[in-house]
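Input: a single structure, listed below in structure tokens.
No lab work stands behind these numbers, since they all come straight from the coordinates. Nothing here was measured: the structure is a model prediction, and the numbers come from that model. A quick note on method: Cβ atoms are made from the backbone with ideal geometry, for glycine too, and the neighbour counts reach across all protein chains shown.
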Amino acid sequence: MTAAIEIRDLHKSFGSLEVLKGIDFEVALGEVVCVIGPSGSGKSTLLRCVNRLEEPTAGKILIEGEDITDPDVDIDAVRTKIGMVFQQFNLFPHLDVLHNLTVAQTKVLKRSEEEAGRVAHDVLDKVGLLDKVSEYPARLSGGQQQRVAIARSLAMNPDMMLFDEPTSALDPELIGEVLDVMRQLAREGMTMMVVTHEMGFALEVADRVVFMDEGVVVEDGPPDVVLKEPRTQRARQFLRMVTHH
Amino acid sequence: MGTNKKRRRSKIFRWVMYAFASALVVAAVIVGDWDRIAFNFFNPEVMGEMFPEVLTIAARNTIVYTVLSFIFGLVGALVLALMKMSSIGPYRWFAVGYIELFRGLPALITLILIGFGIPIAFQNIDIPGGTTGAGVLGLSIVAAAYMAETIRAGIEAVPRGQSEAARSLGMSSGRTMFTIVLPQAFRIIIPPLTNEMVLLIKDTSLFYVLGTTPLTKELTKFARDFMIEARNATPLTVAALVYLAITLPLTWLARRLEKRGARGRAGSETGDEQKNVLAQVSKSGIDR
């Protein structure tokens, strides 16, 4: 079966700084993969390469078998299949929640206002924020904003979702509600690639955990193994630091 | 102890300044020939003769010229700003050249070049609207150069995450610019754009160099001609008051919008950053 995401020998440099040094990596359909590692290890860059927010320097990225590093590929069309959730939420502050959810549906997918509104209500219900449909983002808590951001991605009916440290900008008491939504998505079989520092979430929800350091994949395996009995010294050291803070 | 002494000294200095200013006013009042001042600058008879034309023709023309120049200038400025931010070299060079050129020239010279230069250089091209059209065109060209920088700063003040989010949803770069970035950028730059409009109002007084008819005179030209005819300076006083009646509400409106904008962004994390940019943008607009 074709993988949802397949990455082959991916390199990415910013100027003379090589951030990704040859990544080989796969996410199967319906799989939840958590990517962990110290800051500066390249995990966010890797995630942002998957929908080409960052242009890879070398290597191939295949989304459902299609090579998206091909210059002829319609990247806008590819991106509609890949939901993306950011650390800073990035809701559109000049639009209310409803229009945050409908703007891309009507402009990109060419859905009617009516249909887009219906989809928006469905996904808002799913993240438990139906009552906020006409609020502006500035009036929502961080946790609510992130849930709206997830709903905004879901409204495009993506085949897979990328999460770039989705809870890192949140106050501790708001993390839970966002993780709950993500947990539910995982249960429903969504293909997910999650860059996170939430080891508990990774242990519980992930099918696989990938540990990155200095631009390479150091460990890749089931959460029980990678998080509890890592093979490498580097992973053991990192896990000791994040669990004893 | 030291600060106490300093405070007392600055208090004394302030009182000296007050006394000096009061003395000046008193001297002016004593020395001034108030009958002559009243006759020459506040002559009710001359004032009466100016109405209603000073409003129905002169003020109206000033406003029409300003609004037209502002609209055309804004469109031009948007194009220039996008060109200046383009990844295509020649676009960028053109925008930089244009902006530097027309910000560097006195508006008067640009007006003369457009109004007299184009008809000489291109004999079969007529600028629609005659000399008035040429004036509007010239002022739009100048305004575009000034506002381009303002718009660019506004676009750059919108956090990068906004366009990343839009692009991730599959929007093209053009769509992202027009539906996500520009609406936010314009909200940020409303105050400096209002300042630009106040500057334009005053710059329409340069239209006289292109020649006018009784129906195309704007406020300053109208007042000057009236002054010569009446051999009395009262028309200038009236024109000044009409200018203030237009510009003061505008600056007041700009300040209100600025305050409202600041409040609206207070909740967002980038509020402070945007306020800083706003301060820079305003400054770049005013230093004309």
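The table below gives the values:
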| read-out | value |
| --- | --- |
| Percent of beta bridges antiparallel (DSSP, chain A, rounded to nearest 5) | 55 |
| DSSP-defined antiparallel bridges as percent of all bridges, the protein assembly as shown, nearest 5 | 55 |
| Computed FRET value (nearest 0.05) for B:A245 with A:Q237, which takes r as the C-beta separation and R₀ as 56 Å | 0.15 |
| With at most 15 neighbouring Cβ atoms within 10 Å, loop trypsin sites (Lys or Arg not before Pro) (DSSP) excluded, longest segment of chain A | A:111-230 |
| Computed helical MRE - 222 nm, chain A, DSSP H runs ≥ 4 contributing -39500 (n - 2.57), nearest 500 | -10500 deg cm²/dmol |
| The stretch A:132-198: relative contact order in percent, alpha carbon pairs under 8 Å with at least 6 residues between | 41 |
| Which of B:M147, B:I114, B:S86, positive extreme of dipole for the stretch B:80-162 (C-beta unit charges) | B:S86 |
| Restraint check, A:K43/A:K126; A:K81/A:K110; A:K126/A:K228; A:K21/A:K43; A:K107/B:K84, Cα-Cα greater than 21 Å | A:K43/A:K126; A:K126/A:K228; A:K107/B:K84 |
| Hz values of 3J(HN,Hα) by residue in the stretch A:151-162 - Karplus curve (6.51, -1.76, 1.60), Gly and Pro given as x | 4, 4, 5, 4, 4, 8, 6, x, 7, 8, 10, 10 |
| Point-charge dipole on Cβ atoms (K/R +1, D/E -1) for the stretch A:30-86, about Cα centre, debye to 20 | 360 |
| For the protein assembly as shown, with +1 on Lys and Arg beta carbons and -1 on Asp and Glu, the positive-most of A:T57, A:A169, A:L130 along the dipole | A:A169 |
| Rel. contact order, % - alpha carbon contacts under 8 angstrom, at least six apart, the stretch B:41-265 | 31 |
| Under 27 Å from B:K202, Cα to Cα: lysines that are on another chain or at least 8 residues apart | B:K217, B:K221, B:K259, B:K283 |
| Sequence of B:Y65, A:Y136 once ranked by neighbouring C-beta atoms within 10 Å, starting from the fewest | A:Y136, B:Y65 |
| Nearby lysines by direct alpha-carbon distance to B:K6 (threshold 18 angstrom, same-chain neighbours under 8 apart not counted) | none |
| Loop-located GluC sites (Glu not before Pro) in the stretch A:52-84 whose Cβ has at most 10 other Cβ within 10 Å (DSSP) | none |
| About the Cα centre, charge dipole magnitude for chain B (Lys/Arg +1, Asp/Glu -1 at Cβ), debye | 1660 |
| Relative exposure of B:F39, A:F201, judged by other C-beta atoms within 10 Å (fewest first) | B:F39, A:F201 |
| The stretch B:183-239: trypsin sites (Lys or Arg not before Pro) in DSSP loop, at most 10 other beta carbons within 10 Å | B:R231 |
